[in-house]
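Q: Below: one structure in structure tokens.
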Amino acid sequence: MTASVQVAIHPSQFPENVRRDLLASLRTRRVNHKFHYDSVKQTQKWLALHEVHSPARYDAGLRSTYDLAFAETAAQIKSRSVQVIGLGCGGGQKDVELIKQLQARGKKISYMPCDVGVAMVLVARQAALALVPGKDCSPLVCDLATARDLQNHLANRNPSLVTFFGMIPNFEPRQILPKLAALLRPKDFLLFSANLAPGMDYAAGMKQILPQYDNPLTRDWLSAFLFDLGVEASDGKLRFTIETGGLGLQRVVARFHFRHSRRIQVGDREFSFARGEAIRLFFSYRYTPARAAKLLAQHGLKVHRQWVTASGEEGVFLCRRK
């Protein structure tokens, strides 16, 4: 019989706050990304999408880039004991590979996988158990976008290595970068990855990566949010566009455009969508190394090392507070 697992739930994911965020998503027509990972079904859809369209599946140099980043990051950390905090841990695969490198250098590891869904943090915990004892794995369910006291729930007495793989494109830079900076203490490190627009021509690079988003698996994953609320596939169409956001960045945006009116009922609240209206389901910023370093510096974070894949589509950055 499998032993029970203790999972901490941050107040940002208490039912009343999740309901508040859901109502806000429908009212503003801008969906909080966490609702795409809210259920076991959505988690499985995301994992299936990741298996097919992650750059790791077609970029031969991506694995070696991460391996190098993890090895050199482990070499930078001098502390004997390290707390690895996996923000947006997903399935935990990258965190596990990083932990292997840290342990190869004799580090004692504790691991805190953090994500918005119980299913996701349990998948990451399970992946880490081959390396880290269960007593040293502390899953935390939280919403990084709305949690205001996260540092009180994360840090222990050991230096922390905070990972943030594949997540930064799904946040507004002005929202997420101050939060990441606030989490780091003087001896802590931040290791994050950013999807990049490849090549010297930023706009051309954006067009090149669009098929990674505009595909059947991504449509199936993103549409699940609306379909679970009673929207039918015949009610409209999901469209992907490239748009210019703030701070000189461009992003891929997915919106569901209604062909005819539809009412969505959430408890005692009703939301009406008229024909021709749209709701934004998703966005993903694409950076360049120079743009990333500039924005990080504006929030007190300095890039100490960076590793970019040969394809130019992904970068890994090791940062500390200035």
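Any read-out appearing in this document is the output of simple, stated calculations on the displayed coordinates, not a laboratory observation. Note that the coordinates shown come from a computational prediction; the quantities given were computed from them, not determined experimentally. Cβ placement follows ideal geometry from the backbone for every residue including glycine, while neighbour counts extend to all protein chains displayed.
Q: I'm trying to understand the selection: among the residues of region 188-220, which are in contact with a strand residue (DSSP E or B) (Cβ under 6 Å, 6 or more places away or on another chain), closer than 25 Å to Q44 by Cα and not polar (S, T, N, Q)? Spell out how you get there, then give the answer.
A: Kept after step one, since they are in contact with a strand residue (DSSP E or B) (Cβ under 6 Å, 6 or more places away or on another chain), are these residues of region 188-220: 188-197, 206, 213-214, 219.
Filter again for closer than 25 Å to Q44 by Cα, leaving 192-195, 213-214, 219.
F192, A194, Y213, D214, R219 - these are the residues of region 188-220 that are in contact with a strand residue (DSSP E or B) (Cβ under 6 Å, 6 or more places away or on another chain), closer than 25 Å to Q44 by Cα and not polar (S, T, N, Q).
Q: Let me ask something additional. Name the pairs: first residue in region 228-244 and under 25 Å from L210 (Cα atoms), second residue surrounded by fewer than 16 Cβ atoms within 10 Å (Cβ to Cβ) and aliphatic (A, V, I, L, M), Cβ to Cβ under 7 Å, at least 6 apart or on different chains?
A: F240/L210; I242/L210
Q: Now for a separate question. With the requirement that a residue be among the small types (G, A, S) and loosely packed, with under 13 Cβ neighbours inside 10 Å, what does region 205-242 give you?
A: The first filter runs over region 205-242 and keeps only residues among the small types (G, A, S), leaving 205, 223-224, 230, 233-234, 236.
Of everything in region 205-242, those that are among the small types (G, A, S) and loosely packed, with under 13 Cβ neighbours inside 10 Å turn out to be G230, A233, S234.
Q: I need every pair where a residue in region 153-179 that is without any contact (Cβ under 8 Å) to a residue 40 or more places away in the chain has its Cβ under 7 Å from the Cβ of a residue that is hydrophobic (A, V, I, L, M, F, W, C) and in a helix (DSSP H, G or I), sequence separation at least 6 or different chains.
A: I176/I168
Q: Please verify whether D149 is of a type in the set (D, E) and farther than 17 Å from S12 by Cα, treating the condition exactly as stated.
A: Working: of a type in the set (D, E): yes; farther than 17 Å from S12 by Cα: no.
Spelling it out, it is not the case that D149 is of a type in the set (D, E) and farther than 17 Å from S12 by Cα.
Q: Same structure again: In the set S261, S272, which member is surrounded by 12 or more Cβ atoms within 10 Å (Cβ to Cβ) and either closer than 19 Å to L26 by Cβ or free of Cβ contacts under 8 Å to residues at least 12 places away in the same chain (or both)? Talk me through it step by step, then tell me what you get.
A: Working: S272 fails: surrounded by 12 or more Cβ atoms within 10 Å (Cβ to Cβ).
It is S261.
Q: Would you say S79 is out of contact with any Lys or Arg (no Cβ under 8 Å at 6 or more places or on another chain) and among the hydroxyl-bearing types (S, T, Y)? Can you show your working first?
A: On the way: out of contact with any Lys or Arg (no Cβ under 8 Å at 6 or more places or on another chain): no; among the hydroxyl-bearing types (S, T, Y): yes.
No: the conditions fail for S79.
Q: Would you mind telling me which numbered condition in (1) more than 30 Å from H304 (Cβ to Cβ); (2) over 18 Å from the mean Cα position of the chain (by Cα); (3) loosely packed, with under 13 Cβ neighbours inside 10 Å; (4) free of Cβ contacts under 8 Å to residues at least 24 places away in the same chain A24 fails?
A: (3)
Q: Out of all the residues in region 286-309, is one or more within 30 Å of P15 (Cβ to Cβ) and touching a Phe, Trp or Tyr at 6+ places or on another chain (Cβ under 8 Å)? If you could, list the steps in order and put the result at the bottom.
A: So in region 286-309, the residues within 30 Å of P15 (Cβ to Cβ) come out as none.
No, that holds for no residue.
Q: Of the residues that make up region 72-85, is at least one in a loop (DSSP other than H, G, I, E, B), in contact with a Ser or Thr (Cβ under 6 Å, 6 or more places away or on another chain) and under 24 Å from P186 (Cβ atoms)?
A: no
Q: Sticking with this one: At least 1 residues that are within 29 Å of T288 (Cα to Cα) in each: list the strands (runs of 3 or more DSSP E) lying fully within region 189-266 that qualify.
A: Working: elements: 189-195, 236-244, 250-258, 262-266.
By residue number, 189-195, 236-244, 250-258.
Q: Report whether or not S12 is under 19 Å from the mean Cα position of the chain (by Cα), polar (S, T, N, Q), assigned to a helix (DSSP H, G or I) and over 22 Å from I264 (Cα atoms). Lay out the reasoning, then the answer.
A: Numbers: under 19 Å from the mean Cα position of the chain (by Cα): yes; polar (S, T, N, Q): yes; assigned to a helix (DSSP H, G or I): yes; over 22 Å from I264 (Cα atoms): yes.
Taking the combined requirement at face value, the residue satisfies it.
Q: V252: buried (at least 18 other Cβ atoms within 10 Å of the Cβ), in contact with a strand residue (DSSP E or B) (Cβ under 8 Å, 6 or more places away or on another chain), β-branched (V, I, T) and more than 28 Å from G230 (Cβ to Cβ), yes or no? Spell out how you get there, then give the answer.
A: Values: buried (at least 18 other Cβ atoms within 10 Å of the Cβ): yes; in contact with a strand residue (DSSP E or B) (Cβ under 8 Å, 6 or more places away or on another chain): yes; β-branched (V, I, T): yes; more than 28 Å from G230 (Cβ to Cβ): no.
When the stated conditions are applied, V252 does not pass them.
Q: Given the conditions (1) assigned to a loop (DSSP other than H, G, I, E, B); (2) free of Cβ contacts under 8 Å to residues at least 40 places away in the same chain, report the number of the one that R63 does not fulfil.
A: (1)
Q: Which residues, counting only those in region 114-127, are assigned to a helix (DSSP H, G or I) and closer than 20 Å to L183 by Cβ? Can you show your working first?
A: Let us first name the residues in region 114-127 that are assigned to a helix (DSSP H, G or I), namely 118-127.
Scanning region 114-127 gives M120, V121, A124.
Q: Counting only residues that are over 18 Å from the mean Cα position of the chain (by Cα) and of a type in the set (A, V, I, L, M, F, W, C), which one in region 84-127 is surrounded by the fewest Cβ atoms within 10 Å (Cβ to Cβ)?
A: The residue in question is A104.
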